[in-house]
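We did not get these values from a lab; they are worked out from the coordinates using the rules stated. This structure is a prediction, so every number in the text was calculated from the model and none was measured. Here the Cβ is made from the backbone with ideal geometry for all residues, glycine too, and neighbour counts use every protein chain on show.
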Amino acid sequence: MLKIGIYDDDAQVVQSLTRMIDEVWDSDYRIYTWLNVTEMESCLVDDLRGELDVLFLDIQLKDTNGIAFAKRIAERCPYLKIVYFTGYIEYCQSIFDGKPSGFLLKPIEADRLRSTLERVAEEVEQERKSCLDVQVQKHMLRILTKDIQYLESEKRIVRIVTRESDAVEVYQKLTALAEQLPDNFLRCHQSFLVNLDYVRRFEGDHFELYSGEEIPVSKQRQKATRESFFRYIEGQL
């Protein structure tokens with residue numbers, strides 16, 4: 001499902017764009033709309049943090065500058081796609097300061113809107129394949145799989161250890177998370193999934209990571225782990 005946000009301080013513009021999306025987009029989607037920038041920002045960083053895929057944002061607003069807002073929100077919602085729309089052609093150059101995922105000139109053409117949605121949806125799908133989506137309390141968190149060193153499970157709590165931040169703890173089964181991860185993640189123990197990209201050495205009963213940490217390999221999985229690790233090494237050569 002593509003989750004789409006629309007913000008403009010003109011209710012008619014919001015309604016018009018909502019109707020156009022309904023007409024041109026036949027894939028599964030959900031639309032969220034706002035007329036107040038404070039309410040929108042609060043919703044994006046709290047209720048919908050990590051969940052909204054794309055935000056259609058007017059550049060010329062009464063209560064804020066759309067480009068400045070986009071820069072601010074990108075710091076908190078780095079995976080959110082921003083599509084600007086405006087009736088003022090002079091903004092075409094300045095929008096690139098806000099790293100847009102699209103630009104639509106009013107009046108918005110149906111074909112341009114459809115092609116923009118198609119491109120954004122493809123980008124989102126590709127990112128979902130390279131990310132692990134987990135629920136932390138009431139929020140969804142998206143973690144780049146390339147940043148994950150390993151996952152450790154203990155009594156239904158899984159610690160996701162990344163290379164740069166503190167571990168993220170989620171209430172979920174390790175098996176369910178394993179299904180979302182690419183082939184370079186190996187289940188070497190009932191309680192551990194290791195990203196082989198971070199493995200420095202295989203010692204039979206454990207992996208040594210570049211960080212110096214050791215990940216255990218259970219006796220029952222040693223043979224399969226060895227074979228999988230060697231296949232991984234061969235694939236890197």
Note to self: Taking 0.36 nm per residue of sequence separation and subtracting the Cα-Cα distance, how much length would be gained by fully extending the chain between Q220 and R119, in nm to one decimal?
What the structure shows: 31.8 nm
Item checked: Sum of -39500 (n - 2.57) over DSSP H runs of 4+, divided by residues of the chain (222 nm, nearest 500) -> -10000 deg cm²/dmol
Note to self: I need T116, T38 ordered by Cβ neighbour count within 10 Å, fewest first.
What the structure shows: T38, T116
Note to self: Over 10 Å intervals from 0, what percent of Cα-Cα pairs in the chain sits in each interval?
What the structure shows: 7, 28, 26, 17, 14, 7, 1
Note to self: Once you order the gyration tensor axes a ≥ b ≥ c over the Cα atoms, which shape class does the range 92-203 get: rounded for a/c under 1.5, otherwise prolate or oblate by comparing a/b with b/c?
What the structure shows: prolate
Item checked: Estimated FRET transfer efficiency when R0 is 30 angstrom, pair E23-A74 (beta carbons, to 0.05) -> 0.55
Notebook entry, point to check: Among F230, F103, which comes first, second and so on when ranked by fewest other beta-carbon atoms within 10 Å?
Noted result: F230, F103
Next item on the list: Report the chymotrypsin sites (Phe, Trp or Tyr not before Pro) located in the range 176-215 that are in a DSSP loop and have at most 13 other Cβ atoms inside 10 Å of their Cβ, or state none.
Entry: Y210
Next item on the list: Find the relative contact order for the range 133-236 and round it to a whole percent, using C-alpha pairs within less than 8 Å whose residues are 6+ positions apart.
Entry: 18
Notebook entry, point to check: How much net charge surrounds F56 when only other residues with a Cβ under 10 Å from its Cβ are counted (Lys, Arg +1; Asp, Glu -1)?
Noted result: -1
Check: Can you list the residues of the range 7-41 with backbone N under 11 Å from a point 7 Å past the Cα of R112, pointing along Cα to Cβ?
Finding: none
Next item on the list: Report, in order of residue number, the helices in the chain meeting two criteria: a C-alpha extent of 18 Å or more along the helix axis, and a mean Kyte-Doolittle hydropathy of at least -0.5; treat each whole DSSP H run as one helix.
Entry: 11-24
Next item on the list: In a Gaussian network model over the chain where Cα atoms closer than 10 Å are linked, find which of G87, G102, G66 has the largest mean-square fluctuation.
Entry: G87
Check: How far, in nm, would the chain grow between E203 and D183 when pulled straight, counting 0.36 nm per residue and subtracting the alpha carbon separation?
Finding: 5.1 nm
Checklist line | Among the listed pairs K129/K155; K129/K223; K81/K129, those beyond 22 Å (Cα-Cα) | finding: K129/K155; K129/K223
Checklist line | Percent RCO, i.e. relative contact order, over the chain, from Cα pairs under 8 Å lying at least 6 residues apart | finding: 12
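Normalised by the empirical 2.2 N^0.38 Å for globular proteins, what value does the Cα Rg of the range 148-227 take?
1.01
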Item checked: Least to most buried among T162, T175 (fewest other Cβ within 10 Å first) -> T175, T162
Item checked: Prolate/oblate/rounded label for the range 186-235 (Cα gyration tensor, a/c 1.5) -> oblate
